[in-house]
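One structure is given here, and the rest of the page talks about it.
The values are calculated or read from the model by the stated rules, or taken from the named source; none is laboratory data. Treat the numbers as computed from the prediction; the structure is a model and nothing was measured. Don't worry about glycine lacking a Cβ; one is built from the backbone with ideal geometry, like all the others, and counts go over all protein chains shown.
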Amino acid sequence: MHTIKDISQGVVNGDFLLLAKSISWIENREVGADEFLESLQPNLVPIIGVTGPPGAGKSTLISCLIEHWVKEGKRVAILSVDPSSPFHKGAILGDRIRMKDWYMNPNVFIRSLATRGHLGGLMNGMIELTTLLQSVGFDIILIETVGVGQSEVEIAGLADTTVVVLVPEAGDEVQMMKSGLMEIAQIFVVNKSDRPDAEAFTNHLLHMMRECMGDAHIIPVVKTIATQQAGIIELVAAIAAQQSNGLSTIRKKQLLISKLYQIIAAHQMRSLNGPMIEAELATAMQKKHFNIFKFANKFFNV
Ligand SMILES: Nc1nc2c(ncn2[C@@H]2O[C@H](COP(=O)(O)OP(=O)(O)OP(=O)(O)O)[C@@H](O)[C@H]2O)c(=O)[nH]1
Ligand SMILES: [Mg+2]
């Protein structure tokens with residue numbers, strides 16, 4: 001295994017080969033990976049989660065943010081969570097095309113992660129990866145997830161700042177998820193503000209926030225047109241303001257608790273023999289009055 005010093009040196013030189021190798025090595029749970037993770041000395045590098053419905057413009061927006069930060073001389077890592085769903089194949093191809101300018105940039109590291117097959121969802125594997133990235137010289141970590149279902153809630157458990165990207169036509173969606181969205185977002189972006197209904201949608205969003213949380217807890221709303229790079233300065237400023245407020249001790253603790261339980265659970269799951277358990281289950285479930293609690297009990301403390 002490579003040393004952190006070698007990996008960091010590679011990152012400084014814009015050579016991500018050792019970093020990519022170490023990531024695969026950790027993902028494959030090679031011998032020594034646990035000790036390696038325990039030896040990391042992560043820096044306080046902000047993790048910014050960007051989430052929102054499919055096609056809202058997250059990747060286009062991230063591309064603008066990368067441009068902004070790279071111009072400031074920062075090193076940026078982007079993790080794009082591939083939902084491994086046939087519905088998103090086209091979109092992922094789109095991402096590749098949009099992000100292609102950045103693949104060759106020595107200050108930009110991009111990695112796609114598949115969520116399929118990950119017990120414990122998005123967080124599993126992500127904690128390791130983000131901690132490694134925080135230890136090898138990046139200044140900012142961006143994570144893109146498609147906000148369908150659980151992933152946006154999970155991202156909020158990992159990111160210091162969660163940016164929820166909405167589009168004017170998302171009115172119904174917002175209505176349905178309003179309290180959930182308010183809980184996870186530190187910043188709202190209304191992208192595609194070139195659409196005529198953007199103003200009305202923004203007002204609607206602000207109105208809902210007042211209704212849900214009162215005037216004291218209005219979450220900043222930034223209007224952007226990612227395809228024209230409009231509103232990016234404002235978004236960067238909103239992120240910086242949120243970061244400079246610092247995380248409250250309570251939120252910091254909540255984030256750590258959620259990470260800690262994920263790490264412990266993932267560790268305990270590793271000692272289980274999945275295929276064997278599933279085979280046993282296939283037989284047990286045929287029985288009359290099959291009780292899942294009783295079945296599960298056999299695997300406690302193994
Ligand atoms: N009119 C308009 N189109 C936009 C804007 N931002 C992005 N788009 C377009 O919207 C489409 C989707 O953009 P993406 O950046 O791939 O969206 P995404 O949220 O990353 O999509 P998924 O990763 O599939 O969820 C593309 O065709 C973009 O060119 C905008 O501000 N205005
Ligand atoms: Mg995308």
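What the table shows:
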| item | result |
| --- | --- |
| Residue match in segment 39-59 (condition: among the charged types (D, E, K, R) and farther than 30 Å from ALA226 by Cβ) | no |
| Subset of segment 202-232 that is within 15 Å of ligand 1 (Cβ to nearest atom) and in a helix (DSSP H, G or I) - its residue that is modelled with the lowest pLDDT | THR202 |
| From LEU65, LEU122, LEU132, residue being modelled with pLDDT under 80 and surrounded by 21 or more Cβ atoms within 10 Å (Cβ to Cβ) | LEU122 |
| Of the criteria (1) of a type outside the set (Gly, Ala, Ser); (2) without any contact (Cβ under 8 Å) to a residue 60 or more places away in the chain; (3) in contact with a Gly (Cβ under 8 Å, 6 or more places away or on another chain), which one PHE36 fails | (3) |
| Matching helices (runs of 4 or more DSSP H) fully within segment 1-85 where at least 1 residues are not assigned by TED's automatic domain parsing to the domain that holds LEU142 | 4-12, 17-27, 33-38 |
| Residue list for segment 257-273, filter: free of Cβ contacts under 8 Å to residues at least 40 places away in the same chain and either basic (Lys, Arg) or loosely packed, with under 11 Cβ neighbours inside 10 Å (or both) | ILE264, HIS267, SER271 |
| Pairs, first without any contact (Cβ under 8 Å) to a residue 60 or more places away in the chain and closer than 18 Å to ALA241 by Cβ in segment 212-226, second assigned to a strand (DSSP E or B) and within 16 Å of ligand 1 (Cβ to nearest atom), C-beta under 6 Å, six or more apart | ILE219/PHE188; PRO220/ILE187; VAL221/PHE188; VAL222/VAL189; LYS223/VAL190 |
| Hey, ALA240 in the same structural domain as ILE127 (by TED's automatic domain parsing), within 16 Å of ligand 2 (Cβ to nearest atom) and of a type in the set (A, V, I, L, M, F, W, C) or not | no |
| Pairs, first at negative phi and small (Gly, Ala, Ser) in segment 48-70, second more than 7 Å from ligand 1 (Cβ to nearest atom) and not in a loop (DSSP other than H, G, I, E, B), C-beta under 6 Å, six or more apart | GLY49/ILE143; GLY49/ILE155; GLY49/THR162 |
| Test: residue in segment 147-158 that is at pLDDT 85 or above, more than 14 Å from ligand 2 (Cβ to nearest atom) and assigned to a helix (DSSP H, G or I) | no |
| Residue in segment 291-302 that is small (Gly, Ala, Ser) and farther than 21 Å from VAL164 by Cβ present | yes |
